[in-house]
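Contents: one structure, followed by commentary.
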Amino acid sequence: METAFDVARWYGIPGLGWKWFTGVVTTLCMLVMYSAAQDATRRHSHKAFWLSHQLFGLFWLCLILHGPVFYQWITIPLLLYVTHRARIGRHPAVLREVTLEEPNVVRLAFDNTNNRLFGGKPYKEGTYIRIQAP
């Protein structure tokens, strides 16, 4: 059975193969994630931001398939990232105060006296935190 890659090779289109396919998919995933990560998009539609970043699994799969030695380049940064995320996850933030402000703003105040998040630095305005609330 003929595939699109075989037909492309017969017609002399250079570089059209699995490397091309994984490269295009990786680039498209990166383009969608980058576009949705812009400040205006995040503020207008956080759901679009979140959904677009669910492409990271496909992005990494195609990136690994694209380059046979990619694992050599990603091993150390990936281990550093995983250990950093694991270390941050062990230190829960303590909620001190919840205030409803106008218009439709919920203000959360966290206790940061004994908090070692962010290298022991205290929380400041604009500091992001992942909140998991049912």
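The values are calculated or read from the model by the stated rules, or taken from the named source; none is laboratory data. The model shown is predicted, which means the values in this text are computed figures rather than measured ones. Note that we place each Cβ from the backbone using ideal geometry, even for glycine, and neighbour counts take in every protein chain shown.
Could you grab me the full set of residues in segment 50-67 that are of a type in the set (Gly, Ala, Ser) and within 10 Å of the chain's Cα centre (by Cα)?
We begin by selecting, within segment 50-67, every residue of a type in the set (Gly, Ala, Ser); these are 52, 57, 67.
Result: SER52, GLY57.
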Going by what's in this entry, would SER45 be described as surrounded by 11 or more Cβ atoms within 10 Å (Cβ to Cβ) and modelled with pLDDT of 90 or more?
no
